[in-house]
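Written out below as structure tokens is the structure these notes cover.
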Amino acid sequence: MTKRIVVTGIGATSALGGTAPENWTNLLAGMSGTRTLSHDWIEKYQIPVHFAAEATVRPEEVLPRHEAKRLDPSTQFAMIAAREAWEDAGAPEVAPERLGIDWATGIGGVWTLLDAWDTLREKGPRRVMPLTVPMLMPNAGAGNLSLHFHAKAFARTVVSACASSTESIANAYEHLQDGLADVVIAGGAESAIHPITMASFASAQALSRRNDDPATASRPGAIDRDGFVMGEGGAALVLETEEHARARGAKIYAYLVGGGVTADSYHITGNDPEGAGAARAVEQALQQAGASADEVSHINAHATSTPVGDPNEYEALKRVFGTRIDDIPVSATKASTGHLLGGTGALEAVYTVLALRDRVAPPTINMTEPDPAVPFKLSGQTQPLGDGELLAISNSFGFGGHNAVVAFRSAD
């Protein structure tokens, strides 16, 4: 029997704020989280892109010093977001064997790995920290969350580039449906604003180079977009069976009603220009939701602001929705937050849940002249979503040809 899965807690830390409510308020206000970087490594390594969307609240301001020292920044963001979500859910009483972790990252402990390499070269092997490997491994987020929350059902990690945390949420839906847990903490985090990643993405011509105006650099759907903006942070959702949530009197934000995960098998960095794989992911999510394309009220688009990626996503969605895609309110929130890589899907899932709660699609800032090849219904202002039951999807697509989509319904 299909179970109803509900969202009972949310947490988020990003360039728009250190909590989910701060994120939502600043997103609706049209704030940009992108700023000029002040790190000395920009000049030292002659990084051609001087800006990014760094998290406004630094982990060391939130976590105890002894704890932060044992965690890579990506895991620090994971801990902050998951703790907020857990408290927001009312700290559910659940047997450890019935609590699971579905967590994600796109890169993992890049800061720990490369700092340790510098230490080895400059000071020798005796100075490399014993905890280096447990800190840098991609499953460090899931493992540390499992330890913190005493989650013993499972602690699973998805690493599928920019689709990672959307895939982790889709997995959580299936794990709850399969009866492997009653409660799951799902989400993802990333901290990769590092000279090596910035240099690599810049070399690939993937980053915007608007050094003179960073706040408007990310402009999904605009004809003059020139690349994405690196972001960082993390987001988490507490998901549970409706039966478990109702029994404890929990508030319910929305229903998680399905997920879709596919692969393009086309190119290691490029999307299939015909959008077949992405379209199948949307169709799978709707099929699990028991819904038709005509029911979708809102889309949080992947929309990274790259010249190629935005039109590809439009073509993929047109395969599913036909010409109706031009009439569905779409939000491209990376314009405000930057691109959190493996953490971006979870953050956008939180925004999608809040959009359903408040019945409003958040604005897409920095829209100058719309690109005729990307005629999404984007707006620099909020868009009302109307009355009645609402259905929304959130899309994520990643290097390696990964496609992941999750679907949510509004709460009763």
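Structural remarks
- Among the residues of the range 328-344, some residue qualifies, meaning at least one is among the β-branched types (Val, Ile, Thr) and over 21 Å from Glu54 (Cα atoms).
- Gly275 being surrounded by 22 or more Cβ atoms within 10 Å (Cβ to Cβ) and closer than 21 Å to Asn171 by Cβ: no
- The lone exception for Leu317 - which of (1) at pLDDT 95 or above; (2) open to solvent by 10 Å² or more (accessible area, probe 1.4 Å); (3) hydrophobic (A, V, I, L, M, F, W, C) it fails: (2)
- Among (1) of a type outside the set (Asp, Glu); (2) farther than 17 Å from Thr333 by Cβ; (3) in contact (Cβ under 8 Å) with a residue 60 or more places away in the chain - the single one Gly388 does not satisfy: (3)
- Residue among Ala199, Ala142 that is touching a Pro at 6+ places or on another chain (Cβ under 9 Å), closer than 27 Å to Gly17 by Cα and among the small types (Gly, Ala, Ser): Ala199
- Of all residues in the range 179-202, those being within 26 Å of Pro92 (Cα to Cα) and surrounded by fewer than 24 Cβ atoms within 10 Å (Cβ to Cβ) number 3.
- Consider the range 305-337 and keep the residues that are part of a loop (DSSP other than H, G, I, E, B) and within 13 Å of Ile365 (Cα to Cα). The one that is nearest to the chain's Cα centre (by Cα) is Thr333.
- Filter pass, Ser218 being under 26 Å from Leu147 (Cα atoms) and among the hydroxyl-bearing types (Ser, Thr, Tyr): no
- Any chance Ala199 is under 17 Å from Ser32 (Cα atoms), more than 12 Å from the chain's Cα centre (by Cα) and either in a strand (DSSP E or B) or among the aliphatic types (A, V, I, L, M) (or both): no
- Options Gly141, Gly109; residue that is at pLDDT 95 or above and over 21 Å from Ala404 (Cβ atoms): Gly109
- Test result for Val353, open to solvent by less than 10 Å² (accessible area, probe 1.4 Å), aliphatic (A, V, I, L, M) and not in a helix (DSSP H, G or I): no
- Residue match in the range 320-328 (condition: out of contact with any Leu (no Cβ under 9 Å at 6 or more places or on another chain) and open to solvent by less than 30 Å² (accessible area, probe 1.4 Å)): yes
- Of all the criteria given as (1) open to solvent by 10 Å² or more (accessible area, probe 1.4 Å); (2) farther than 20 Å from Ile169 by Cα; (3) over 16 Å from the mean Cα position of the chain (by Cα), the one not satisfied by Phe51 is (1).
The values are calculated or read from the model by the stated rules, or taken from the named source; none is laboratory data. What you see is a predicted model; the values in this text were computed from it and never measured. Please note: Cβ atoms are built from the backbone with ideal geometry, for glycine as well, and neighbour counts cover all protein chains shown. Note: accessible area is taken over every heavy atom of the protein model, side chains too, but ligands, DNA and RNA are not part of it. Shrake-Rupley method; radii C 1.70, N 1.55, O 1.52, S 1.80 Å.
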